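Student: Mind having a look at this structure? Questions to follow.
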């Protein structure tokens, strides 16, 4: 009897130990960029005085999302230039930062600063909306990786020691929009869509930063989409990325083109999502809008053979999320859209009241959709076929832009503004 009681006590301690925590959120939109979390018990409401576990001041602005790896939160920022469109300052002073915080209490653990490789794109036009730290980092158990545009891809260890820095090009995207794609980790590789910098996709060795493969994309400038992996049968994977007018699938280990699907509408800014072997793309902008579902696993031109459905509704900046047999997004104008994943049939299309502009992508967790607006708080919607606003949460003390998608880990929702990092947790 004593042994049984002792074992139960050990089990209870193990459940409370630091190792018994929720899933990591190791890159842009979480595991494989899906924007879907298995976490439960997440907060529904918060304010300046409710359910704020901690708040940390950031060393600069940014539109990149926070990530969670183990007991640490990583986020990128910029400072020194481009803080005021009327008086941007000296571009030579532009500096990017990688900041590390404790997930438990928000304590600043370390910060590393990287001077910008010059010349940088001037602070004008679209860059004034998102700045110079728009690429979300990626982390594993040993390292954290960042993409700083013309300044390249960098790797740091968990204590902030820089391990390597590799240039992936110093070109400029169409219309001088700067850099915005995020990194993807695959086996021993760091994969980056350096379309703006060199019109190519590249894979770097995680240990050394050495280029392992390069997929040229000459003439396809204008892609800001972060690649994702699609699971196939027998453990095979495809690397898919949204390009102008097309979706490409590549061999993630070697970089060779496997298939492509043409006829996409809109600009390739949003990230793709994949569920049950289907890739979902949504685009928008001045070139029109539309969404497409593509069955993975083809060869060559699959435009006719593997297109599951097409829809006229799309999204210019926020990416979609596929969960529970539906595809959702809230577009840049604050219009929520829900489609049936199997057929593309529109279930609802409703404007969020008072949302204003939206840059962040929706995250699905705990039966809810978390939608961060730029200046009017966070909406929590029901993840289901009925349009239902469950909560509208504001932080009046912070009037800066919230451009980043939320991170979800260990019962917490992490938000970042141009000023602060917030950890939201139900008490």
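Student: Between residue 276 and residue 162, with labels modelled 7 Å along Cα→Cβ, what's the label distance in nm to one decimal, could you check?
Tutor: Placing both labels 7 Å along Cα→Cβ, they lie 4.7 nm apart.
Student: Cα extents of the stretch 276-427 along the three principal axes, largest first, in whole Å?
Tutor: Cα extents, longest axis first: 52, 35, 29 Å.
Student: So what is the relative contact order for the stretch 145-218, in percent, with contacts set as C-alpha pairs under 8 Å and at least six apart?
Tutor: Numbers: 151 pairs, mean separation 17.6, N = 74.
Relative contact order for the stretch 145-218 comes out at 24 percent.
Student: Still on this structure, I have one more. Between residue 232 and residue 111, what length in nm is gained on full extension when 0.36 nm per residue of separation is reduced by their alpha carbon distance? All intermediate terms of the calculation are to be shown ahead of the outcome.
Tutor: Numbers: separation 121, 0.36 × 121 = 43.56 nm, distance 3.92 nm.
Length gained between residue 232 and residue 111: 39.6 nm.
Student: Stretch residue 349-residue 57 to full length: gain in nm at 0.36 nm per residue minus the Cα-Cα span? Please list the in-between numbers first.
Tutor: Details: separation 292, 0.36 × 292 = 105.12 nm, distance 3.66 nm.
Gain on extension, residue 349 to residue 57, equals 101.5 nm.
Student: How big is the stretch 33-102 along each principal axis, measuring the range of its Cα positions in Å and listing the largest first?
Tutor: Here the Cα extents, ordered largest to smallest, are 47, 27, 23 Å.
Student: Here is a further query. Normalised radius of gyration for the chain, please: alpha carbon Rg relative to 2.2 N^0.38 Å, two decimal places. Spell out each step's value before the answer.
Tutor: Details: Rg = 20.8 Å, N = 427, 2.2 N^0.38 = 22.0 Å.
Cα Rg divided by the expected 2.2 N^0.38 Å: 0.95.
Student: Now for a different question. Going by average Cβ neighbours within 10 Å, how do the peptides 155-163, 172-180, 317-325 rank, with the highest at the top? Could you put the intermediate results ahead of the total?
Tutor: Values: 155-163: 14.9, 172-180: 19.7, 317-325: 22.1.
In decreasing order of mean packing, 155-163, 172-180, 317-325 become 317-325, 172-180, 155-163.
Student: Here's another thing I want to ask about it. Under 10 Å, Cα contacts only: if you run a Gaussian network model on the chain, which one of 142, 206, 124 comes out with the highest mean-square fluctuation?
Tutor: Highest fluctuation of the listed residues: 142.
Student: With a ≥ b ≥ c taken as the square roots of the eigenvalues of the C-alpha gyration tensor of the stretch 48-202, please select rounded if a/c is under 1.5 and otherwise prolate if a/b is larger than b/c or oblate if it is not? If you can, show how the numbers build up before the last one.
Tutor: Numbers: a/c = 1.89, a/b = 1.21, b/c = 1.57.
Verdict is oblate for the stretch 48-202.
Student: Still on this structure, please answer the following. From the square roots a ≥ b ≥ c of the eigenvalues of the alpha-carbon gyration tensor of the stretch 346-414, which class results: rounded (a/c under 1.5), prolate (a/b over b/c), or oblate? Can you show the working numbers first?
Tutor: Values: a/c = 1.89, a/b = 1.21, b/c = 1.56.
In terms of gyration-tensor shape, oblate.
Student: Run the numbers for residue 394 and residue 286: contour at 0.36 nm per residue of separation, minus the present Cα-Cα distance, in nm. Intermediate values should be presented prior to the final figure.
Tutor: Values: separation 108, 0.36 × 108 = 38.88 nm, distance 3.10 nm.
Gain on stretching residue 394 to residue 286: 35.8 nm.
Student: Continuing with this model, one more query. Determine, for 166, 208, the number of other Cβ atoms within 10 Å of each Cβ, and report the residues in order from fewest to most. Before the final figure, lay out each step's value.
Tutor: Working: 166 17, 208 13.
Ordered from fewest to most neighbouring Cβ atoms within 10 Å, 166, 208 come out as 208, 166.
Student: Distance in nm between label sites at residue 310 and residue 142, each 7 Å beyond Cα in the beta-carbon direction?
Tutor: Result: 4.6 nm between the two label points.
Student: Given contacts defined as C-alpha pairs under 8 Å and at least six residues apart, what's the relative contact order of the chain, whole-number percent? Walk me through the intermediate numbers first.
Tutor: Working: 1212 pairs, mean separation 66.0, N = 427.
Taking the mean separation of contacting Cα pairs over the length of the chain, I get 15 percent.
Student: Then there's this: Between 365, 141, 313, find the one with the highest GNM mean-square fluctuation for the chain; connect C-alpha pairs within less than 10 Å.
Tutor: 141
Student: Would you mind giving the three semi-axes, in whole Å and largest first, of the ellipsoid equivalent to the stretch 215-310 according to its Cα gyration tensor? Write out the running numbers ahead of the final one.
Tutor: Values: eigenvalues 78, 45, 27 Å².
Each semi-axis is √(5λ); the values are 20, 15, 12 Å.
Student: I would also like to ask the following. Please work out whether the stretch 144-301 counts as rounded, prolate or oblate from its C-alpha gyration tensor, where a ≥ b ≥ c are the square roots of the eigenvalues and a/c under 1.5 means rounded, while otherwise a/b larger than b/c means prolate and anything else oblate? Numbers along the way, then the final one.
Tutor: Values: a/c = 1.97, a/b = 1.28, b/c = 1.54.
Verdict is oblate for the stretch 144-301.
Student: Within the stretch 361-392, list the residues whose amide N lies under 15 Å from a label point set 7 Å along Cα→Cβ of residue 40.
Tutor: Within reach of a label on residue 40, which here means backbone N under 15 Å from a point 7 Å along Cα→Cβ, the stretch 361-392 contributes 365-368.
Taken together, the values in this text are just the output of simple stated rules run on the coordinates, not laboratory data. What you are looking at is a predicted structure, and each value in this text was computed from that prediction instead of being measured. FYI the Cβ positions are ideal-geometry reconstructions off the backbone, even for glycines, and counts take in every protein chain you see.
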